[in-house]
1. If packing is taken as the average count of other Cβ atoms within 10 Å, what order do 62-74, 12-24 fall into, highest mean first?
2. What base-10 log of the normalised intensity I(q)/I(0) is obtained for segment 10-167 from the Debye formula, alpha carbons as equal point scatterers, at q = 0.10, 0.17, 0.19, 0.21 Å⁻¹?
3. On C-alpha positions alone, give me the angle between the axis of helix 134-151 and the longest principal axis of the chain, in degrees, nearest 10.
4. Students often check this: by mean Cβ neighbours within 10 Å, which of 113-121, 85-93 ranks highest, and how do the rest follow?
5. What is the extension gain from residue 24 to residue 77, computed as 0.36 nm multiplied by their sequence separation minus the C-alpha to C-alpha distance, in nm to one decimal?
6. Could you line up 140, 123 from fewest to most neighbouring Cβ atoms inside 10 Å?
7. So what is the calculated 222 nm ellipticity per residue for the chain, using -39500 (n - 2.57) for each DSSP H run with n of 4 or more, over all residues, to the nearest 500 deg cm²/dmol?
8. What is the distance in Å between the Cα centroid of segment 83-102 and that of segment 12-53?
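Laboratory data are not the source of any read-out in this text; all were calculated from the coordinates shown. Since the structure is predicted, the reported quantities are computational estimates derived from the model, not experimental observations. Glycine gets a Cβ as well: all are built from the backbone with ideal geometry, and neighbour counts include every protein chain shown.
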């Protein structure tokens, strides 16, 4: 069986490079349940539709949780629109979670990748309530739920900020 080339394959080629980057950068990382972290990234990628969202989804933690850089993303020809989303998906030190979510909400690709990230993090099989960290874990789940509601436009920015104050 031979595969036929698709029209406008460049974003899909970039997705293949994004997957390879994520695989290499996250080798050995585990989630809170002890599972390979790359599985989370692949689920996020699979939960979004277009190739730019998929690139951002699989690389959404690349800048935050690895030694990866924006220059490496560019050298690997990751799409510019995906790189902008990845930058927004990277929470900078000292930035509140609330401000981070509000900022990324302004970019459609970042927003879709974050919604997929939140959905995967909030899956009942993935929620971790670790011994000695129950309060911290419960607050994290509350932040995820409120952020999801905000990104889905179920609550406005003012209500989101008010409700997030007690969680940060």
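1. On the way: 62-74: 15.7, 12-24: 17.6.
Packing proxy ranking, top to bottom: 12-24, 62-74.
2. -0.35, -1.01, -1.23, -1.44
3. Helix 134-151 sits roughly 60 degrees off the main axis of the chain.
4. 113-121, 85-93
5. Result for the pair: 17.5 nm of gain on full extension.
6. Neighbour counts put them in this order, fewest first: 123, 140.
7. Using -39500 (n - 2.57) per qualifying helix, the result is -18000 deg cm²/dmol.
8. 19
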